[in-house]
Amino acid sequence: MILDSINAANDIKNIPEGELNELAQEIRDFLIQKISVNGGHLGSNLGAVELTMALHLAADLPEDKIVWDVGHQSYTHKILTGRKDEFDRLRKFGGISGFPKRRESNCDAFDTGHSSTSISAGLGLAKARDLAGDDYGIYAVIGDGALTGGMAYEALNNAADLETNYVIVLNDNNMSIAENVGGVSSYLQDIRTADAYRNFKMGLEDALNRIPGGVAVVDKLKKYKSSFKQLVVPGMFFEDMGITYLGPVDGHDIKAMVKVFKEARRYPKCVIVHVLTHKGKGYPPAERHPARFHGAEPFDVETGLPSVNRTKANYTDVFSTVVIKLGERNEKVCAITAAMPDGTGLKRFSRRFPERFFDVGIAEEHAVTFAAGLAAGGFIPIVAIYSSFLQRAYDQIIHDVCIQDLPVIFAIDRAGIVGSDGETHQGIFDLSFLSSIPNMTVMAPKNKWELSDMLKFAVKFGSPVAVRYPRGIAYDGLEEYRKPVIYGQSELIYEESQTVLMAVGSMVKTAEEVRMVLKNEYGMHVSLVNARFVKPIDGEMISYLAKQHDLIVTLEENVENGGFGEHVRAYADDNKLNVDVLVCALPDDYVEHGNVSILAHEVGIDCESIVKKIVDR
C-alpha cells in the first residue's frame with residue numbers, strides 16, 4: 001500500500017503524482033475502517049482528503065502552519081503527519097484526539113474544537129511570524145458553515161488590512177452539520193455556479209501569456225479586474241473587502257489545488273482560496289446522510305447502519321417529543337437552533353411548525369439575542385444549544401436576556417461529561433456561569449419524566465430559565481417520585497439520618513448507587529435529595545437537613561468552582577448551620593477525551609470515588 005510509506009510529515013512529497021489519487025482512496029478506506037470501529041467524524045474527513053493532501057504538498061510542515069477551523073476534518077492531516085498507527089486509539093482515553101492538539105504534534109499549529117475561530121487564530125500567527133522576522137506560510141482552513149459565525153467576519157475585516165501573505169482556504173461543501181442556511185450559503189451557491197467567469201478568466205489569461213507582449217496585457221487587465229468581476233461574479237464580497245479571491249477550484253482535484261495554493265502563497269496580502277468539496281465523498285451512506293455521519297457512532301461498513309441499535313430514548317429524544325407537545329399547546333412557543341436541528345432534537349419541531357422554527361447558522365451569540373427579541377415581542381423562545389457551545393453567548397445571556405428578565409428558555413444538551421470529543425466539548429461549566437447571573441433560574445432533571453415537567457414549568461414561568469441535561473440514554477428510574485415542579489424547591493426522595501446526598505440532575509442516579517453501597521457495605525443511614533434547582537438553591541431544605549444530619553454531600557457533573565456544592569456550603573456557613581458539607585464535583589481543570597465512565601472515575605465523580613471520599617473523611 002502507498003499509505004505504508006507515509007510515516008512522517010512531508011512523506012507525501014515523495015509519492016509520484018500519478019499515485020496521489022490512489023493514495024486518496026487508500027486514506028478514505030482507512031478512515032472508513034477505523035471510524036466504523038471507534039466512531040468519530042466521518043463525513044467531513046472524507047470530503048477533505050484531497051484538500052488536505054494538496055495543502056501538505058504545497059506547504060512544508062511543521063515550518064508552515066495549518067489552522068483547522070473546528071478541527072473535526074483534520075484526520076487526514078493526522079495521517080499525513082505520522083499518526084496513522086495511533087488511530088486504533090482515536091478519541092479513546094489516553095489515545096489521540098479527534099481534534100488538532102499542539103501537545104500531540106508540532107504539525108498541529110493551534111488547538112480547535114469550536115467553529116469560526118481559524119481566521120482569527122491564523123491572523124495572529126501571521127502577525128507573530130512578521131514580528132519575529134520569519135517568512136513561513138500560514139493556511140487557515142474554514143468551512144462554509146463556519147462562515148455563518150460572526151467571529152469569522154470580525155477576523156476577515158481585520159485580515160483585509162494585512163500587508164503580508166496569509167492564505168484562507170474556504171472548504172465549501174454547502175454543509176456544516178446540517179445543510180447550511182442563510183445569506184452566506186446563498187452567496188456561495190451563486191459563486192459555485194459562476195463557471196462562466198472562471199473559465200473565461202483562465203482561458204483568456206493562458207492565451208494572452210502565449211503571445212508576444214501578452215504578459216504585459218495580463219498585468220494591465222489585472223489592474224482593472226475589479227470592474228469586470230463586478231459584472232460577472234455575484235457580489236464580489238471578498239474582493240470588495242480587500243481580500244484577493246481565487247477560485248472556485250475543484251476540491252477533489254489535487255493538482256489544481258496545489259497550483260492555486262502555491263499561487264496564493266506568492267501574494268503579499270490576505271488571499272482566500274475557494275475550494276468546492278463534497279461531504280462524505282467516496283462512501284455512499286455518508287454522501288446520502290451527511291448529518292448522520294458528521295459524528296458517527298460505530299457502524300457496519302456495508303450498510304452504514306449503527307453497530308449497536310439504541311433501544312431506549314436519550315435525553316435529546318425526550319426533549320424533541322416534549323417540545324412538539326409544547327408547540328401544539330401554545331402557539332407562542334418557538335424553537336431556535338444554531339445549525340444543529342438534528343443534534344438538538346429540533347428537526348421534528350421544524351417539520352411540524354416550520355414558521356416557528358429558526359436555524360440561525362453557527363451563531364450562538366445571535367441565536368440568544370434573536371431569542372431575546374422574540375421574547376420582547378411576546379413569544380416564548382426555546383433555544384437549544386449544547387452546553388460547551390452556549391459558553392460563546394455568555395454576554396448575550398446577561399446583556400440581552402437576563403437584564404430585561406425576558407422569558408427565554410435555554411435547553412442545554414450535552415451538559416456534563418460528554419466523552420470522546422474532549423476538552424472543547426465537555427459541558428462542565430454551565431452551572432457555574434449561569435448561576436452567577438441575576439434573574440436566571442437553573443434546573444436539572446433526575447430522569448426523563450422530570451425533563452418533561454421542567455420544560456412545561458419553564459414555558460409558564462415568565463423569566464429566563466435554563467434546563468440542563470446530559471448526553472446519552474435518559475434515566476428511567478425513580479418514576480414513582482414525581483413531585484410537581486415548584487420554583488426553588490428540591491425533592492426529598494429517601495429520608496433517613498446521619499448523611500444526606502444532595503444530587504444535581506444526572507448525578508441523582510449515581511447518588512442512588514452511592515447510597516446503596518454506604519448502607520449495605522458500611523451500615524450507614526443515608527438520605528437522598530434531588531436538588532432540581534441549582535439556582536435558586538433550596539435554603540429551606542438545606543436548613544431542615546442540617547438538623548437531621550451530620551454531613552451533606554453534594555454531587556454535580558460540573559466544576560466545583562462556582563457550582564452547586566459551593567453554593568450549598570456558602571449557605572450553610574452564612575446561616576451558621578451545624579453541619580459539614582462535602583462537595584463532590586469536577587476539579588478546576590479541563591477533561592480530556594475518553595469513555596464517559598472512565599473519565600468520571602478519573603475526575604472522581606463515579607460511585608466508587610464518591611464512596612471513598614465519604615468513608616475516608
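The values are calculated or read from the model by the stated rules, or taken from the named source; none is laboratory data. Quantities reported herein were computed from a predicted structural model and do not represent experimental measurements. Note that each Cβ is placed from the backbone with ideal geometry, even for glycine, and that neighbours are counted across all protein chains shown.
Out of everything in the range 339-366 that is part of a helix (DSSP H, G or I) and in contact with an Asp or Glu (Cβ under 9 Å, 6 or more places away or on another chain), what residue ends up being farthest from residue 456 (Cα to Cα)?
Quick first cut of the range 339-366, residues part of a helix (DSSP H, G or I) only: 347-352, 354-356, 364-366.
Those still in the list that are in contact with an Asp or Glu (Cβ under 9 Å, 6 or more places away or on another chain) too: 350, 352, 356, 365.
Working: 350: 19, 352: 19, 356: 18, 365: 25 Å.
Within the range 339-366, the match that is farthest from residue 456 (Cα to Cα) is 365.
Within the range 258-271, can you find the residues that are under 19 Å from residue 56 (Cβ atoms) and more than 28 Å from the chain's Cα centre (by Cα)?
Kept after step one, since they are under 19 Å from residue 56 (Cβ atoms), are these residues of the range 258-271: 258-266, 271.
Residues satisfying the conditions are 258, 259, 260, 261, 262, 263, 264, 265, 266.
Just checking, which of 566, 557 is part of a helix (DSSP H, G or I) and touching a residue at least 12 places away in the same chain (Cβ under 8 Å)?
Numbers: 557 fails: part of a helix (DSSP H, G or I).
When all the criteria are applied, what remains is 566.
Tell me which of these residue 101 doesn't satisfy, since it passes every other one: (1) in contact with a helix residue (DSSP H, G or I) (Cβ under 7 Å, 6 or more places away or on another chain); (2) without any contact (Cβ under 8 Å) to a residue 12 or more places away in the chain; (3) crowded, with 21+ Cβ neighbours inside 10 Å.
Evaluating residue 101 over (1) in contact with a helix residue (DSSP H, G or I) (Cβ under 7 Å, 6 or more places away or on another chain); (2) without any contact (Cβ under 8 Å) to a residue 12 or more places away in the chain; (3) crowded, with 21+ Cβ neighbours inside 10 Å leaves (1) as the failure.
If we scan the range 52-63, do we find a residue that is within 19 Å of the chain's Cα centre (by Cα) and assigned by TED's automatic domain parsing to the domain that holds residue 105? It would help to see each step written out before you state the result.
Kept after step one, since they are within 19 Å of the chain's Cα centre (by Cα), are these residues of the range 52-63: none.
No: zero hits.
Would you confirm whether any residue within the range 530-543 is of a type in the set (A, V, I, L, M) and out of contact with any helix residue (DSSP H, G or I) (no Cβ under 9 Å at 6 or more places or on another chain)? Don't jump to the end; show me each part of the working.
At the first step, the residues of the range 530-543 found to be of a type in the set (A, V, I, L, M) are 531, 534, 537, 541-542.
Next, only the ones that are out of contact with any helix residue (DSSP H, G or I) (no Cβ under 9 Å at 6 or more places or on another chain) stay: 541.
Yes: one or more hits.
Could you please give the count of residues in the range 266-296 that are outside any loop (DSSP other than H, G, I, E, B) and either under 21 Å from residue 152 (Cα atoms) or among the β-branched types (Val, Ile, Thr) (or both)?
So the first thing to find is which residues in the range 266-296 are outside any loop (DSSP other than H, G, I, E, B), and the list is 270-276, 284-288, 296.
Filter again for either under 21 Å from residue 152 (Cα atoms) or among the β-branched types (Val, Ile, Thr) (or both), leaving 270-276.
So the count comes out to 7.
Examine the range 545-568 for a residue that is among the aromatic types (Phe, Trp, Tyr), over 17 Å from residue 505 (Cα atoms) and either surrounded by 14 or more Cβ atoms within 10 Å (Cβ to Cβ) or not assigned by TED's automatic domain parsing to the domain that holds residue 429 (or both), and state whether such a residue exists. Working first, answer last.
Start the filter on the range 545-568 by keeping residues that are among the aromatic types (Phe, Trp, Tyr), which leaves 564.
Now narrow it down to the ones that are over 17 Å from residue 505 (Cα atoms): none.
The answer is no; no qualifying residue exists.
For the range 145-158, which residues satisfy the criterion of being within 27 Å of residue 252 (Cα to Cα) and touching a helix residue (DSSP H, G or I) at 6+ places or on another chain (Cβ under 7 Å)?
146, 147, 148, 152, 156
Restricting attention to the range 308-338, which residues are in contact (Cβ under 8 Å) with a residue 60 or more places away in the chain and outside any helix (DSSP H, G or I)?
The answer is 310, 312, 313, 314, 330, 333.
Sort out which residues of the range 408-456 are more than 13 Å from the chain's Cα centre (by Cα) and acidic (Asp, Glu), and write them in order of number.
Listed by number, the residues that qualify are 430, 450, 453.
Could you check the range 500-548 and list, in sequence order, the residues that are part of a helix (DSSP H, G or I), under 34 Å from the mean Cα position of the chain (by Cα) and over 17 Å from residue 617 (Cβ atoms)?
Within the range 500-548, the first condition is being part of a helix (DSSP H, G or I), and the residues that meet it are 507-522, 539-548.
Now drop any that are not under 34 Å from the mean Cα position of the chain (by Cα), which leaves 507-514.
Residues satisfying the conditions are 507, 508, 509, 510, 512, 513.
Out of everything in the range 569-597 that is in a helix (DSSP H, G or I) and in contact with an Asp or Glu (Cβ under 9 Å, 6 or more places away or on another chain), what residue ends up being farthest from residue 90 (Cα to Cα)? Talk me through it step by step, then tell me what you get.
Quick first cut of the range 569-597, residues in a helix (DSSP H, G or I) only: 569-574, 596-597.
Applying the additional criterion that residues be in contact with an Asp or Glu (Cβ under 9 Å, 6 or more places away or on another chain) yields 572, 597.
Details: 572: 45, 597: 17 Å.
Result: 572.
Of a type in the set (D, E, K, R), surrounded by 15 or more Cβ atoms within 10 Å (Cβ to Cβ) and under 24 Å from the mean Cα position of the chain (by Cα) - does that describe any residue in the range 274-285?
First, the residues of the range 274-285 that are of a type in the set (D, E, K, R): 279, 281.
Of the ones still in play, those that are also surrounded by 15 or more Cβ atoms within 10 Å (Cβ to Cβ) are 279, 281.
If we keep only those that are under 24 Å from the mean Cα position of the chain (by Cα) too, we end up with 279, 281.
Within the range 274-285, one or more residues are of a type in the set (D, E, K, R), surrounded by 15 or more Cβ atoms within 10 Å (Cβ to Cβ) and under 24 Å from the mean Cα position of the chain (by Cα).
Going by the structure shown, is residue 520 farther than 29 Å from residue 412 by Cβ, surrounded by fewer than 18 Cβ atoms within 10 Å (Cβ to Cβ), of a type outside the set (A, V, I, L, M) and in the same structural domain as residue 498 (by TED's automatic domain parsing)?
Numbers: farther than 29 Å from residue 412 by Cβ: yes; surrounded by fewer than 18 Cβ atoms within 10 Å (Cβ to Cβ): yes; of a type outside the set (A, V, I, L, M): yes; in the same structural domain as residue 498 (by TED's automatic domain parsing): yes.
In short, yes.
May I ask you to list the residues in the range 1-20 that are within 35 Å of the chain's Cα centre (by Cα) and acidic (Asp, Glu)?
4, 11
Of the residues 95, 143, 122, 133, only one is in the same structural domain as residue 54 (by TED's automatic domain parsing) and modelled with pLDDT under 95; which? Even if it seems obvious, please write down each step before you answer.
Values: 95 fails: modelled with pLDDT under 95; 122 fails: modelled with pLDDT under 95; 133 fails: modelled with pLDDT under 95.
Of the residues listed, the single one that is in the same structural domain as residue 54 (by TED's automatic domain parsing) and modelled with pLDDT under 95 is 143.
Out of the residues in the range 488-498 that are more than 30 Å from residue 425 (Cα to Cα) and in a loop (DSSP other than H, G, I, E, B), which is nearest to the chain's Cα centre (by Cα)?
489
If I filter the range 366-383 for residues that are over 26 Å from residue 445 (Cα atoms), in contact (Cβ under 8 Å) with a residue 60 or more places away in the chain and crowded, with 17+ Cβ neighbours inside 10 Å, do I get at least one hit?
So far as the range 366-383 goes, yes, one or more of its residues are over 26 Å from residue 445 (Cα atoms), in contact (Cβ under 8 Å) with a residue 60 or more places away in the chain and crowded, with 17+ Cβ neighbours inside 10 Å.
Residues 298, 290: which one is under 30 Å from residue 88 (Cβ atoms), modelled with pLDDT under 95 and surrounded by 18 or more Cβ atoms within 10 Å (Cβ to Cβ)? Even if it seems obvious, please write down each step before you answer.
Working: 298 fails: surrounded by 18 or more Cβ atoms within 10 Å (Cβ to Cβ).
Just a single option satisfies the conditions, and that option is 290.
Answer yes or no as to whether residue 301 is part of a strand (DSSP E or B) and in contact (Cβ under 8 Å) with a residue 24 or more places away in the chain.
Spelling it out, it is not the case that residue 301 is part of a strand (DSSP E or B) and in contact (Cβ under 8 Å) with a residue 24 or more places away in the chain.
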